[in-house]
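Below: the structure, in structure tokens.
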Amino acid sequence: MVAVSALARPIAGWRLVRRRRARRTLAFYAFIAPWLLGFVVLTVVPLILGFLTSLTNYDGLNLASLRFLGLANYRRILSDADARFALGRTLLWSAINTPLWLVCSFTLALILNQEVRGRGLFRTLYYLPSVIPAVAAVWAWKIILDRNYGLINGLLSVFQPGTAIPWLSEYALYGVTAIALWSGLGSGMVIFLAGLQGIPEELIEAARIDGAGTGRIFRHITIPLMTPVIFFQLVMALISSFQQFVIPLLLTTSGAQGAVTPRSVYLYMIHTYRQLFTYQRFGYGVALLWVLFVVVMALTVLVFRSASYWVYYEALAEEGRGR
């Protein structure tokens with residue numbers, strides 16, 4: 001009897017542990033159920049339906065004529081000159097906008113991280129464009145960049161009478177870059193500023209005691225410790241630049257056939273929008289989106305692969321020194 005009771009106590013304890021684990025597991029899934037349900041219904045299911053749609057000739061209207069095309073829509077993209085041109089313009093714009101935004105927002109964060117009077121006010125003022133609606137921002141910039149009545153051409157006309165630079169047509173790429181940079185500078189500044197404030201002051205003070213100047217401190221302390229933040233900003237900016245849609249769409253000019261997007265800012269999402277909603281080629285338009293997903297994913301993987309050569313993680317470095 002003693003042996004049986006001694007054996008029963010561990011079994012009862014084991015059952016109690018199992019019940020507690022089951023309750024914790026049940027509580028965990030109960031708490032995440034709203035998010036999990038939303039993720040499945042609003043993300044997983046649309047992705048599956050979207051991929052299936054890209055394999056058909058679905059036009060959004062007549063289900064009776066719905067046919068399975070296989071990979072025909074994807075093969076069509078290879079022969080679509082407008083799709084190739086739009087992808088090339090998107091790559092060009094991303095190559096211009098991403099490094100420019102990173103450098104400007106990082107520089108602004110460095111300036112506003114200094115101990116100066118009123119820096120809180122300046123931080124607020126520089127962040128304000130980030131909360132202005134895109135429609136309002138674009139219309140304000142259209143007033144500035146207008147060919148005939150724009151402020152910039154008006155100022156240039158003071159020195160060169162009759163100046164009428166077509167900022168919204170032939171040079172619209174520069175206009176889109178200016179608007180995107182102006183509206184996104186504040187959000188990038190805030191994240192870089194948070195990273196700069198996370199750098200330990202004792203490291204900077206120790207470097208100054210050793211005789212290091214501002215340039216050496218920036219090169220050997222600030223930049224290495226900021227590389228994780230730069231890496232995060234680079235990935236997010238890369239993804240965002242390929243999805244740019246609102247600004248070039250709103251910078252359209254009225255032509256003889258209606259609203260026409262300037263060729264210089266005919267980005268990939270503009271071409272996709274036209275296929276989906278102008279020509280109602282839903283199957284082909286969704287295929288264009290999946291190709292964009294693959295391109296962005298490939299570039300993101302390359303950035304992640306390169307991170308081991310230039311991103312410095314202090315925790316990993318300390319772990320390596322401990323070994």
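The values are calculated or read from the model by the stated rules, or taken from the named source; none is laboratory data. The shown structure was predicted, so the numbers you read here are calculated from the model rather than taken from an experiment. Cβ placement follows ideal geometry from the backbone for every residue including glycine, while neighbour counts extend to all protein chains displayed.
Restricting to region 218-229, what's the tally of residues that are in contact with a Leu (Cβ under 9 Å, 6 or more places away or on another chain) and either surrounded by 17 or more Cβ atoms within 10 Å (Cβ to Cβ) or among the polar types (S, T, N, Q) (or both)? Show your work before the answer.
As a first pass, look at region 218-229 and keep what is in contact with a Leu (Cβ under 9 Å, 6 or more places away or on another chain): 218, 221-222, 225-226, 229.
So of that shortlist, the ones also either surrounded by 17 or more Cβ atoms within 10 Å (Cβ to Cβ) or among the polar types (S, T, N, Q) (or both) come out as 221-222, 225-226, 229.
The number of residues fulfilling the criteria is 5.
Give just the number: which of (1) closer than 18 Å to A287 by Cβ; (2) modelled with pLDDT under 90; (3) part of a helix (DSSP H, G or I) does Y58 not satisfy?
The single condition Y58 does not satisfy is (3).
Return the total of residues in region 22-55 being in a helix (DSSP H, G or I) and touching a residue at least 12 places away in the same chain (Cβ under 8 Å). Full working, then the answer.
Step one: of region 22-55, the residues in a helix (DSSP H, G or I) are 22-53.
Pick out the ones that are also touching a residue at least 12 places away in the same chain (Cβ under 8 Å) and you get 50-51, 53.
Looking only at that region, the number is 3.
Filter region 49-74 down to residues that are of a type outside the set (D, E), over 28 Å from the mean Cα position of the chain (by Cα) and at negative phi, then give me how many there are.
Of the residues in region 49-74, the ones of a type outside the set (D, E) are 49-58, 60-74.
Then drop every residue that is not over 28 Å from the mean Cα position of the chain (by Cα), which leaves 56-58, 60-72.
Those left that are additionally at negative phi: 56-58, 61-69, 71-72.
Residues meeting the conditions: 14.
Kindly list the number of the only condition in (1) without any contact (Cβ under 8 Å) to a residue 60 or more places away in the chain; (2) in a helix (DSSP H, G or I) that fails for W139.
Failed condition: (1).
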